[in-house]
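So the structure is just underneath, and the comments pick up after that.
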Amino acid sequence: MKREQRRSEPVSPILENFYDIKQAPVRLGIRSVDDPTQSGERWLRNGFNRPADGSKGRPFPGRYLGKKLMFSESDLAVIAQIAQEEAEARRRSRPSRGRRRSTMRR
């Protein structure tokens, strides 16, 4: 008996929306549309430039397109997840060391 080989239909590439470094913080909700400051941009750049070894946290996904740092919709979803995980890790309670006593006598 010979197995019948199925040919899969060619998958057409899906084009995602891309956001530059000025649009991405607005899309993430870090900054409002009317805010003229650059809040959120430095955070995204620093996250993208984190070392790959993870010593400073997970690096943010993104890519350079035409010399501009761009983030796709799926990149922004991963960035939001990374930020949430890091915030939860910071919020976890640490074991108390207790109150330190002074070594000086009164």
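The values are calculated or read from the model by the stated rules, or taken from the named source; none is laboratory data. All of these numbers come straight from a predicted model, not from anything done at the bench. We place every Cβ from the backbone using ideal geometry, glycine too, and count neighbours over all the protein chains shown.
The rows are residues; the columns are (1) assigned to a helix (DSSP H, G or I); (2) free of Cβ contacts under 8 Å to residues at least 40 places away in the same chain; (3) among the hydrophobic types (A, V, I, L, M, F, W, C).
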| position | (1), (2), (3) |
| --- | --- |
| ILE30 | no, yes, yes |
| PRO36 | no, yes, no |
| GLY47 | yes, yes, no |
| ARG50 | no, yes, no |
| PRO61 | no, yes, no |
Practice task
Could you tell me whether the stretch 87-105 includes any residue that is of a type in the set (Asp, Glu) and at pLDDT 90 or above?
Solution key: no
Handout entry: Flag for LEU69 being modelled with pLDDT of 90 or more, surrounded by 12 or more Cβ atoms within 10 Å (Cβ to Cβ) and part of a helix (DSSP H, G or I)
Key = no
Handout entry: the stretch 6-43, subset surrounded by fewer than 12 Cβ atoms within 10 Å (Cβ to Cβ) and small (Gly, Ala, Ser), residue nearest to the chain's Cα centre (by Cα)
Key = GLY29
